[in-house]
1. Any residue that is more than 20 Å from Val143 (Cα to Cα) and not aliphatic (A, V, I, L, M) - is there at least one of those in the stretch 21-37?
2. If Arg18 passes every condition in (1) among the basic types (Lys, Arg); (2) farther than 30 Å from Ala164 by Cβ; (3) in contact (Cβ under 8 Å) with a residue 12 or more places away in the chain but one, which one does it miss?
3. Restricting to the stretch 179-203, give me the number of residues that are surrounded by 10 or more Cβ atoms within 10 Å (Cβ to Cβ) and in a helix (DSSP H, G or I).
4. Identify the single condition in (1) under 19 Å from Val112 (Cβ atoms); (2) within 16 Å of the chain's Cα centre (by Cα); (3) among the charged types (D, E, K, R) that Arg43 does not satisfy, given that it satisfies every other one.
5. Looking at Ala169, Ala127, Ala164, Ala139, which is the one that is assigned to a strand (DSSP E or B) and within 18 Å of the chain's Cα centre (by Cα)?
6. List the pairs whose first member sits in the stretch 175-200 and is more than 21 Å from Ile163 (Cα to Cα), whose second member is assigned to a helix (DSSP H, G or I), and whose Cβ atoms are under 7 Å apart, counting only residues at least 6 apart or on separate chains?
7. Would you point out which residue out of Ser170, Ser215, Ser199 is out of contact with any Asp or Glu (no Cβ under 9 Å at 6 or more places or on another chain), among the polar types (S, T, N, Q), modelled with pLDDT under 90 and within 28 Å of Tyr52 (Cα to Cα)?
8. Picking from Ala83, Ala121, which residue would you name as being within 30 Å of Met205 (Cβ to Cβ) and out of contact with any Pro (no Cβ under 6 Å at 6 or more places or on another chain)?
Amino acid sequence: MPTVNVDESMIALARELRDEMQQFLNEYSFGMREIETKLEILRDDFSHQHSYNPIEHLSSRLKGVESILEKVQRRGIQPNFTAIREGITDIAGVRVTCSFVNDAYRLFELLVGQDDIGLIAVKDYIAEPKSNGYKSLHAIITVPVFLPRGTVRVPVEVQFRTIAMDFWASLEHKIYYKYDKQVPQQLLDELREAALTASDLDERMERLHRQIRGSEEPVPAPQQMTSRGTHEA
């Protein structure tokens with residue numbers, strides 16, 4: 001019986017797993033880029049048609065292996081790629097920062113209205129903010145990625161928010177990181193007050209914007225969108 005070199009076989013297995021994980025993450029990276037391209041096209045066409053840019057900033061992020069594995073363990077997901085794909089839908093994320101709430105809803109409808117986009121779930125934290133004051137429109141969508149081995153539908157989480165909402169969320173994240181999630185109650189109260197101030201600013205700026213540009217096309221009511229499904233971030 002031939003002797004098996006354990007070290008070499010373990011190295012080969014590690015390389016195989018590494019290559020499979022890289023292929024898995026590449027699919028999400030490609031899907032994320034597809035969504036970014038779609039949003040850039042919407043932005044450029046809207047700017048050309050209306051002389052107005054509804055997107056202030058686009059950003060994206062791909063979860064790292066450690067973050068994915070931590071979520072697998074926390075949620076009790078089977079450690080295989082099929083189960084991970086079904087159980088974790090925010091591996092790839094795109095954030096769309098807009099000037100106004102109106103733009104966030106409009107861009108959401110324009111994106112999910114495209115023929116090749118599938119909508120898995122949507123949670124409207126703008127209409128129904130979290131208890132800490134967090135506001136954003138979250139959507140889990142799927143986009144086809146065309147690869148030599150076939151087409152893969154990749155889930156991507158897209159968050160739509162205003163500049164004020166993004167500023168607040170960034171500050172909240174820094175505070176929770178500094179205090180290792182054990183934030184003093186006084187700061188939590190001030191954060192909620194700041195969220196109300198940011199919301200008031202959004203409303204005022206929206207009114208000013210409409211006065212300057214005139215009436216805009218109607219925005220879908222939040223309840224129409226939340227009825228499509230919910231997703232807890």
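1. No.
2. Only one criterion in (1) among the basic types (Lys, Arg); (2) farther than 30 Å from Ala164 by Cβ; (3) in contact (Cβ under 8 Å) with a residue 12 or more places away in the chain is unmet by Arg18, namely (3).
3. Of the residues in the stretch 179-203, 17 are surrounded by 10 or more Cβ atoms within 10 Å (Cβ to Cβ) and in a helix (DSSP H, G or I).
4. (2)
5. Step by step, each of Ala169, Ala127, Ala164, Ala139 is checked, and only Ala139 is assigned to a strand (DSSP E or B) and within 18 Å of the chain's Cα centre (by Cα).
6. Filtered contacts from the stretch 175-200: Val183/Ile175; Val183/Tyr176; Leu187/Ile175.
7. Ser215
8. Ala121
The values are calculated or read from the model by the stated rules, or taken from the named source; none is laboratory data. Predicted model only: the values in this text are computed from it and were never measured. Cβ atoms come from the backbone with ideal geometry, glycine included; neighbour counts cover every protein chain shown.
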